[in-house]
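Since the structure comes first, as C-alpha cells, the remarks are kept for the end.
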Amino acid sequence: MSEDCIQVMRGAQSTRIILCICEMYCISVDEATDIYYNSETASMIEEGIADLHCRSDKYLAEEIWKEYQEVN
C-alpha cells in the first residue's frame with residue numbers, strides 16, 4: 001500500500017475518532033479535535049505503534065478521553 005493511501009486512511013480514521021469523542025462526551029468538534037491532536041494516543045496511531053490503528057474508533061475515542069481526563 002502506498003504512503004498516500006495510508007495517509008488518507010489515517011486521516012479518515014482521525015475524523016471518525018473525533019466524531020466519536022463529540023458524540024460520546026457531548027463536546028464540540030473544535031474541542032474534540034484539540035483533545036485528539038494533543039493526545040499521546042493520536043501520535044502513537046500516526047506512528048503505527050502497537051497497531052493502534054487496527055482498534056475500533058470507539059475504543060480509541062475512549063482511550064483518548066481517559067488520557068485527557070488524566071492530564072486535566
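With each label modelled as a point 7 angstrom along the Cα→C-beta vector, the Ala12-Lys58 pair spans 2.0 nm. Remark: accessible surface ordering of Tyr59, Tyr36 (largest first) is Tyr59, Tyr36, probe radius 1.4 Å.
Sum -39500 (n - 2.57) across every DSSP H segment of at least 4 residues in the chain, then divide by the residue count to get the 222 nm mean residue ellipticity, nearest 500.
On the way: 4 runs with 55 residues, N = 72.
Roughly -24500 deg cm²/dmol at 222 nm, from the helical runs in the chain.
In terms of accessible area, using a 1.4 Å probe and ignoring ligands and nucleic acids, Leu52, Leu60, Leu19 rank largest first as Leu19, Leu52, Leu60. With all protein chains kept in place, the per residue accessible area of the chain amounts to 65 square angstrom at a probe of 1.4 angstrom. Under the criterion of Cα pairs below 8 Å and six or more residues apart, the relative contact order for the chain equals 33 percent. Here the dipole of the chain is about 240 debye; that uses its Cα centre as origin and unit charges on the Cβ of Lys and Arg (positive) and Asp and Glu (negative). Rounded to a whole number, what % of the accessible area of the chain do carbon and sulfur atoms account for, probe 1.4 Å? About 52 percent, which is the carbon plus sulfur part of the accessible surface.
The values are calculated or read from the model by the stated rules, or taken from the named source; none is laboratory data. Since this is a predicted model, take the numbers as computed values, not measurements. Neighbour counts run over all protein chains shown; Cβ positions are idealised from the backbone, glycine included. SASA here: full protein model, heavy atoms, side chains in, ligands and nucleic acids out. Shrake-Rupley method; radii C 1.70, N 1.55, O 1.52, S 1.80 Å.
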